[in-house]
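Engineer: First the structure, then my questions, so here it is.
The values are calculated or read from the model by the stated rules, or taken from the named source; none is laboratory data. Just so it is clear, the structure is predicted and the values come from calculations on it, not from any experiment. So basically every Cβ, Gly included, is an ideal-geometry build from the backbone, and we count neighbours across all protein chains shown. Note: areas computed on protein heavy atoms with side chains; ligands, DNA, RNA excluded. Shrake-Rupley method; radii C 1.70, N 1.55, O 1.52, S 1.80 Å.
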Amino acid sequence: MDEQQINSCNNAIVARELNLEWKLTKGKNIVEFTPEDKDINSSCLIGMIRRIIKVADK
Ligand SMILES: [Cu+2]
């Protein structure tokens, strides 16, 4: 993820179904985890910004 602007809303990504939370910093962020075989719903800490993390084979 390449975050240009970090604020109190977008400074973390939460994936509740995996019980994971990542703090983001300005610039490039690399996170590593082992997914299951389905896409992952994620959001900011309070659920305003929603994203889907696509799970794919290499
Ligand atoms: Cu937010």
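Engineer: Has region 33-45 got at least one residue that is within 14 Å of the ligand (Cβ to nearest atom) and without any contact (Cβ under 8 Å) to a residue 24 or more places away in the chain?
Structural biologist: no
Engineer: Do you know which of the residues in region 1-37 that are part of a strand (DSSP E or B) and open to solvent by 50 Å² or more (accessible area, probe 1.4 Å) is farthest from ARG51 (Cα to Cα)?
Structural biologist: Per the criteria, the residue is LYS28.
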